[in-house]
Amino acid sequence: MDHGHLLEKETEARLKFEKACQQIALLDQKIKDLEFRYKRAVKRKKNSFRYNLRLRLSVVTGVKMMYHHYASTKAEELTKIRRQINNSIQRAESSREAMRSLREREREVTRAIAAAAASLNSEPC
């Protein structure tokens, strides 16, 4: 994969991870609200409300767990993509260094050839 495509995938995965974290925070607040309402229903002995609130708490908690799973999957994906980006950068730097080395070697050879040609031209036949 090229570097640009990896950066695009990294941005997409990061945005999805951040959105999942936001949803988890919202679900945490929803759970706190439901727990407060459930405790109030217990205190006031409202059994029909208690049952409904218990069911809703169960569902919202399950949804939150699914978001946790999704967020951890995205975090792993993000780590993998970032590792690929770093490897891509290292390969590019290594390639650039190899090219610099080749150019320097080429200059040395050119200088040696020029020096040899100059010494041949300066010697009488």
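The values are calculated or read from the model by the stated rules, or taken from the named source; none is laboratory data. Being a predicted model, the structure only gives us computed values, none of them experimental. Cβ sites come from the backbone with ideal geometry, for glycine too, and all protein chains shown count toward neighbours.
When 76, 97, 104, 93 are checked against the criterion of being at pLDDT 90 or above and in a helix (DSSP H, G or I), 76 stands alone in meeting it. Restricting 121, 86 to those that are on the phi < 0 side of the Ramachandran plot, modelled with pLDDT under 80 and either of a type outside the set (D, E, K, R) or in a helix (DSSP H, G or I) (or both) reduces the list to 121. Within the stretch 31-59, the set of residues being buried (at least 16 other Cβ atoms within 10 Å of the Cβ) and closer than 25 Å to residue 74 by Cβ comprises 31 only.
If a residue must be assigned to a helix (DSSP H, G or I) and in contact with a helix residue (DSSP H, G or I) (Cβ under 8 Å, 6 or more places away or on another chain), how many such residues does the stretch 1-23 contain?
First, pick out the residues of the stretch 1-23 that are assigned to a helix (DSSP H, G or I): 3-23.
If we keep only those that are in contact with a helix residue (DSSP H, G or I) (Cβ under 8 Å, 6 or more places away or on another chain) as well, we get 3, 6-7, 9-10, 13-14, 16-17, 20-21, 23.
The number of residues fulfilling the criteria is 12.
Applying the condition of being touching a residue at least 60 places away in the same chain (Cβ under 8 Å) and β-branched (Val, Ile, Thr) to the stretch 78-115 and asking which residue is surrounded by the fewest Cβ atoms within 10 Å (Cβ to Cβ) yields 89. No other residue among 118, 75 is among the small types (Gly, Ala, Ser), loosely packed, with under 12 Cβ neighbours inside 10 Å and either in contact (Cβ under 8 Å) with a residue 12 or more places away in the chain or over 27 Å from residue 4 (Cα atoms) (or both) apart from 118. Of the residues in the stretch 13-26, not one is surrounded by fewer than 16 Cβ atoms within 10 Å (Cβ to Cβ), among the aromatic types (Phe, Trp, Tyr) and either modelled with pLDDT of 95 or more or out of contact with any strand residue (DSSP E or B) (no Cβ under 8 Å at 6 or more places or on another chain) (or both).
I'd like the full set of residues that are among the aliphatic types (A, V, I, L, M) and farther than 27 Å from residue 18 by Cα, limited to the stretch 33-70. Please lay out each step first, then the result.
Let us first name the residues in the stretch 33-70 that are among the aliphatic types (A, V, I, L, M), namely 34, 41-42, 53, 55, 57, 59-60, 63, 65-66.
Matches in the stretch 33-70: 41, 42, 53, 55.
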